[in-house]
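Remarks on the structure that follows.
Derivation of every value follows stated rules applied to the coordinates shown; laboratory data play no part. Keep in mind that this is a model prediction, so the values were computed, not measured. Virtual Cβ from ideal backbone geometry, glycine too; neighbours counted across all protein chains shown.
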């Protein structure tokens, strides 16, 4: 995914512990920030299942154990997010939480910027609605 050094992002972020910390902070921010209201509303009351899925996905995506694939097969992110209205607002709120979590955790600016860029590409890929509510006439 990212080729900044010979180490994988998984290793650079601190392995399992670092990924767990990132995911925990990400969902903590989603719960705390009023600016993340819309994206938070797409999630169940308990974020535990979402956190587990994101941790397992990021583990493999960052070059560590492919936990998500072992459990659920190919991620098929667009398909798995299709039931949810993901528009620019939701994307921006998701990115706000992830950017803040990465900023707090990743001291290496080049790595952090690359991760934010890569997450933004993924978030853009998940947009499936323009957010307008028009009625067919």
## Note on the structure
With Cα coordinates, the longest principal axis of the chain makes an angle with the long axis of helix 109-125, in degrees rounded to 10, of 30
### Query
Which Rg and Dmax, in Å, describe the Cα atoms of the chain?
15.3, 57
### Least to most buried among 116, 19, 109 (fewest other Cβ within 10 Å first)
109, 116, 19
### Query
Taking 0.36 nm per intervening residue step and subtracting the Cα-Cα distance, what contour gain separates residue 113 from residue 43 on full extension?
22.5 nm
### residue 78-residue 11 FRET efficiency (beta carbon distance; Förster radius 22 Å; 0.05 resolution)
0.20
### 53, 7 arranged by Cβ crowding within 10 Å, fewest neighbours leading
7, 53
### Query
Taking Cα atoms, how many degrees apart are the long axis of helix 48-61 and the longest axis of the chain, rounded to 10 and kept between 0 and 90?
50
### Summary
Once residue 125 and residue 33 are pulled to full extension, the length gained, defined as 0.36 nm per residue separation minus their Cα-Cα distance, is 30.7 nm
### Query
Sorted from fewest to most neighbouring beta carbons within 10 Å, what does the list 99, 118, 129 look like?
129, 118, 99
